[in-house]
Amino acid sequence: MDDLKDLYIDQMQDLLSACRQSRDIVIELEEAAKDERLKEALHAGHKGIADGMEMLAAIVHEHGAQHEGEHCQGMQGLVAEARAHVLEETYSDDDVRDAMIITQYQRMAHYAIAGYGCCKAFAQRLGLDEEAAKIDKHLSHTYHGDETMTELARGGINRAAAT
């Protein structure tokens, strides 16, 4: 890696790998969720992840790089945690499982927020304003998904899990 542009492409590839992994587990989380509002939010999250992947792949391709960089180990760990704590754990209360789904989703969302934020900053520094704007759109979408999960947790899922 020689310069900021190399780092930018590397991090876009890492984020693409992270999104690919999170997209697949979010589908499974949606299937495991019982609360209909949570299912809808997870479905929207899945769509947002897929849209982000499309944007990331297009930008990486525009720079003549391969879509595949190294496998994102960070997201791999978060996906393994989500799988263990949601899909492999036995729950006697669906509301508790739904609260755990929110927890795991938000951990993955925060990883994506960090990735999009760094890539946006790199694009801005490199004068790639159109790319920065595209990245910012997906950063905002990811923030919104995280906020939606917080609202669902505070709006009743955590309360139901506590009773």
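The values are calculated or read from the model by the stated rules, or taken from the named source; none is laboratory data. Small disclaimer: the values here were computed from a predicted structure and weren't measured. Note that each Cβ is placed from the backbone with ideal geometry, even for glycine, and that neighbours are counted across all protein chains shown.
Answer yes if at least one residue in segment 70-83 is charged (D, E, K, R) and not in a helix (DSSP H, G or I), and no otherwise. Yes, segment 70-83 has at least one match. Among the residues of segment 54-65, is any of a type in the set (Val, Ile, Thr), surrounded by 15 or more Cβ atoms within 10 Å (Cβ to Cβ), touching a helix residue (DSSP H, G or I) at 6+ places or on another chain (Cβ under 7 Å) and within 21 Å of residue 105 (Cα to Cα)? No - not one qualifying residue is present in segment 54-65.
When you scan segment 45-55, do you find a residue that is under 14 Å from the mean Cα position of the chain (by Cα), among the β-branched types (Val, Ile, Thr) and modelled with pLDDT of 95 or more, even just one? Yes, that holds for at least one residue.
Residues of segment 84-94 that are part of a helix (DSSP H, G or I) and either at pLDDT below 95 or surrounded by fewer than 18 Cβ atoms within 10 Å (Cβ to Cβ) (or both): 84, 85, 87, 94.
Output the number of residues of segment 22-40 satisfying the condition of being out of contact with any Lys or Arg (no Cβ under 9 Å at 6 or more places or on another chain) and either over 15 Å from residue 108 (Cβ atoms) or buried (at least 23 other Cβ atoms within 10 Å of the Cβ) (or both). Qualifying residue count for the region: 9.
Quick check: anything in segment 144-151 surrounded by 16 or more Cβ atoms within 10 Å (Cβ to Cβ), polar (S, T, N, Q) and on the phi < 0 side of the Ramachandran plot? Taking every residue of segment 144-151 in turn, at least one turns out to be surrounded by 16 or more Cβ atoms within 10 Å (Cβ to Cβ), polar (S, T, N, Q) and on the phi < 0 side of the Ramachandran plot.
Within segment 97-133, which residues are crowded, with 21+ Cβ neighbours inside 10 Å, of a type in the set (Asp, Glu) and either within 17 Å of residue 151 (Cα to Cα) or free of Cβ contacts under 8 Å to residues at least 40 places away in the same chain (or both)? Of everything in segment 97-133, just one residue is crowded, with 21+ Cβ neighbours inside 10 Å, of a type in the set (Asp, Glu) and either within 17 Å of residue 151 (Cα to Cα) or free of Cβ contacts under 8 Å to residues at least 40 places away in the same chain (or both), namely 98.
Yes or no: residue 44 closer than 17 Å to residue 113 by Cβ and not basic (Lys, Arg)? When the stated conditions are applied, residue 44 passes them.
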